[in-house]
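Single-structure report; data block below.
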Amino acid sequence: MTPASIPPVRLWAMPTAELTEDDVAAWLDVLDDTERSRVARLAIPRTRIEYASAHALTRAMLSAASGEAPTAFRYEIGFKGKPRAFIGDRPLDLHFNISHTDGLVAVAVSRHCELGIDVEAVDRSVDLAVADRYFFGAEADWLAVQPRDRQLESFLRLWTLKEAYIKATGRGLSQPLDEFWFDVDPPRIRFTPAIDDDERAWRFHQRVLADRFMVSAGWRSAGGVDLGLVVEMKRSAELF
Ligand SMILES: CC(C)(COP(=O)(O)OP(=O)(O)OC[C@H]1O[C@@H](n2cnc3c(N)ncnc32)[C@H](O)[C@@H]1OP(=O)(O)O)[C@@H](O)C(=O)NCCC(=O)NCCS
């Protein structure tokens, strides 16, 4: 396969604010026992709706990308909690990553690279003081010079990029956040010597969806090819 013929990373996002428990009830049949029992254990109705929506969206997308039935997949929780999909004993030849936030769920899929995504609502409440704790010095300096009325959006641009990276590696919060930082425009990762990797191999893309959700996606791209990101908004009626 030539670099130009490698398909882009695809991301599906679905708004959830209007969905009720009745709306998502039919999707429980598509989930497996582990997913259904996780839904049952969640105490907050909105969280149950978001989890069921994210996992139904994931099965719909894996099905569309593989040609298998949505019920065909089982998951194994890997390194530091990152799920991987299987069909029976065979690992599915697709990488995926899920993110949920209040009002939106998203999943991205690639056949070619391990990836990470993060979505956050831009009107969520954030204590901007945490920037000093989580952000590298250069990032905090960049944030400090952004316009006052764009502080929250700028904060979330950085936050979602950092999450996309730690979810792409699968290390999650076991990845020390002071070992890497981002240039934001255009998104580009920088490594301290603690990370023995080629920063030029990494690609990050960032979008605002439906005017209120920041989404970042990142992956390590073999050969330095930028596969590109194709984003589709899905409505719940379109899933199955
Ligand atoms: C779990 C974590 C990987 C992401 O958590 P999050 O941002 O709260 O949640 P998201 O909705 O974006 O992602 C959750 C999904 O990621 C997947 N996931 C879980 N662990 C993962 C890991 N180690 N790597 C990649 N993906 C992971 C799962 O599919 C999970 O959804 P599910 O439980 O419904 O299957 C981890 O980074 C975390 O706990 N973050 C907390 C936020 C924070 O402090 N960030 C500081 C960065 S500036």
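Where a number appears in this text, it was derived from the coordinates with a stated rule and is not lab data. Small disclaimer: the values here were computed from a predicted structure and weren't measured. Ideal geometry is used to build each Cβ from the backbone, glycine not excepted, and the neighbour counts take in all protein chains shown.
A few remarks follow.
- Helical segments meeting 24 Å axial Cα length and Kyte-Doolittle -1.0 threshold in the chain (DSSP H): 45-66, 151-168
- Among the lysines of the chain, pairs that are 8 or more positions apart or on different chains and have alpha carbons within less than 19 Å of each other number 4.
- Residue-wise HN-Hα couplings along region 9-20, as the Karplus relation 6.51 cos²θ - 1.76 cosθ + 1.60 with θ = phi - 60° gives them from phi, are 6, 10, 10, 10, 10, 9, x, 10, 4, 8, 7, 10 Hz; Gly and Pro carry x.
- The calculated 222 nm mean residue ellipticity attributable to helices in the chain amounts to -8500 deg cm²/dmol, summing -39500 (n - 2.57) over DSSP H runs of n ≥ 4 and dividing by all residues.
- Two-site FRET efficiency, THR192 against VAL130, from Cβ-Cβ distance with R₀ of 25 Å, rounded to 0.05: 0.75
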